[in-house]
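The values are calculated or read from the model by the stated rules, or taken from the named source; none is laboratory data. Just so it is clear, the structure is predicted and the values come from calculations on it, not from any experiment. Cβ placement follows ideal geometry from the backbone for every residue including glycine, while neighbour counts extend to all protein chains displayed.
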Amino acid sequence: MLRLRKKCIDESCGALTFQPSRVEIIIALLWRAYIRASATINGYVRPSLMDLPLNLRAKTSLPQVHNSMGNFRINVLIKFIPY
């Protein structure tokens, strides 16, 4: 995992200003593979959109209610637009 993290940081050419988590590294690799496969199939790089649900329940200081139902979450949209 350390090799993958270093490779991600090196390939960003200074654009990455934080240490990516393990989940972020794996998602980035999968998305890059998807974009490359799509380019091979279609003959050109297409724009793509990824939606990641982010659970905010454990990240707040709100009191936990034991009899509550539902999730406290947000969708994080990530867009790739080729040059």
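Here is a yes/no grid of residues against (1) basic (Lys, Arg); (2) on the phi < 0 side of the Ramachandran plot; (3) outside any helix (DSSP H, G or I); (4) at pLDDT 85 or above:
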| site | (1), (2), (3), (4) |
| --- | --- |
| Glu24 | no, yes, no, no |
| Arg32 | yes, yes, no, yes |
| Thr40 | no, yes, no, yes |
| Asp51 | no, yes, yes, no |
| Pro63 | no, yes, yes, no |
| His66 | no, yes, yes, no |
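Yes or no: Arg46 over 17 Å from Pro82 (Cα atoms) and either of a type in the set (Gly, Ala, Ser) or touching a helix residue (DSSP H, G or I) at 6+ places or on another chain (Cβ under 7 Å) (or both)? Considered against the rule, which asks whether it is over 17 Å from Pro82 (Cα atoms) and either of a type in the set (Gly, Ala, Ser) or touching a helix residue (DSSP H, G or I) at 6+ places or on another chain (Cβ under 7 Å) (or both), Arg46 comes out as no. Ile41: β-branched (Val, Ile, Thr) and under 14 Å from Ile78 (Cβ atoms), yes or no? So Ile41 does not fit the description; no.
All told, Pro82 meets the bar of being surrounded by 10 or more Cβ atoms within 10 Å (Cβ to Cβ), assigned to a loop (DSSP other than H, G, I, E, B) and either of a type in the set (S, T, N, Q) or modelled with pLDDT under 85 (or both).
Every test in (1) outside any helix (DSSP H, G or I); (2) modelled with pLDDT under 85 is passed by Lys7 save one, and that test is (1).
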